[in-house]
Amino acid sequence: MLPCWQDELIRIEPLTLADVDLVYQLRNDPEAGRYIDREPFASRDEAVGKVQSIVEANANGSGCSWRIVEKSSATTLGTGGIWRIDREHDHAEIGYAILPAFWGKGYARRALAPMFDHGFASLTLHRIEAHVHPDNARSSGLLLRLGFKLEGHLRENYKFRGKYSGSLIYGLLNNDWQKG
């Protein structure tokens, strides 16, 4: 079972099947999905399938995904999680999405910190990385503030809707996080 965590402003809780509408909304919001480069869900059933796979990954330890909730209003703000866990090399990737109405308020920074704590302490990861669209300055800035280092720029490493795009690769090592 994934841990829950809270501070004075937010709490994070494991994603459940009750979060289908949130996941559907995040994937289908044009602003939230601007840098995701994945097609919106064609139907709510697609979101159900995605959430079912997330819940299964939470249960079997192949991933960790949480919803992010504002405590005072109980409003769900977005999601975050650790995925692509590579046990052989003790690294994983972080992903997160916040509904646009809540951008710039520090919620993602507050929510990601306990996720990193979980990744490094409970999952004994050595490294967490993030792959960011080169135009997503907001996400790049967040990662740098959290102690990530920009490690590279993969040029045109994937294609979406017939157009090639690249990825900025950010990395955070356990030792860097523990010092931070």
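The values are calculated or read from the model by the stated rules, or taken from the named source; none is laboratory data. What you are looking at is a predicted structure, and each value in this text was computed from that prediction instead of being measured. Ideal geometry is used to build each Cβ from the backbone, glycine not excepted, and the neighbour counts take in all protein chains shown. These area figures cover heavy atoms from the full protein model, side chains too; ligands, DNA and RNA do not enter into them. Shrake-Rupley method; radii C 1.70, N 1.55, O 1.52, S 1.80 Å.
Would you mind telling me the share, in percent, of accessible area of the chain contributed by carbon and sulfur at probe 1.4 angstrom?
50 percent
Tell me, in nm to one decimal, what length is gained between ALA74 and ASN60 on full extension, where the rule is 0.36 nm per residue of separation less the Cα-Cα distance?
The span from ALA74 to ASN60 would gain 2.3 nm if fully extended.
So with the 1.4 Å probe, I'd like the accessible area per residue for the chain, rounded to whole Å².
On a per-residue basis, 54 Å².
Say R0 is 41 Å: what FRET efficiency, to the nearest 0.05, do THR16 and LYS163 get from their beta-carbon distance?
0.70
Between SER53 and ASP29, with labels modelled 7 Å along Cα→Cβ, what's the label distance in nm to one decimal, could you check?
Output for this residue pair reads 2.2 nm.
Under the rule that an exposed site lies in a DSSP loop and has at most 11 other Cβ atoms within 10 Å, name the longest stretch of the chain with no GluC sites (Glu not before Pro) of that kind, not counting the sites themselves.
89-180
If R0 is 22 Å, what FRET efficiency do you get for THR124 and GLU151 from their C-beta distance, rounded to 0.05?
Using R0 = 22 Å, I get an efficiency of 0.55.
How high is the FRET efficiency from TRP103 to ASP135, r the C-beta distance, R0 22 Å, rounded to 0.05?
0.90
Given that just one value was derived from the coordinates, which of (1) 180; (2) 110; (3) 121 is volume of the Cα convex hull per residue in Å³?
Only one option fits the structure, namely (3).
Can you give me the C-alpha center-to-center distance between region 29-98 and region 131-180, rounded to a whole angstrom?
Going from one Cα centre to the other spans 17 Å.
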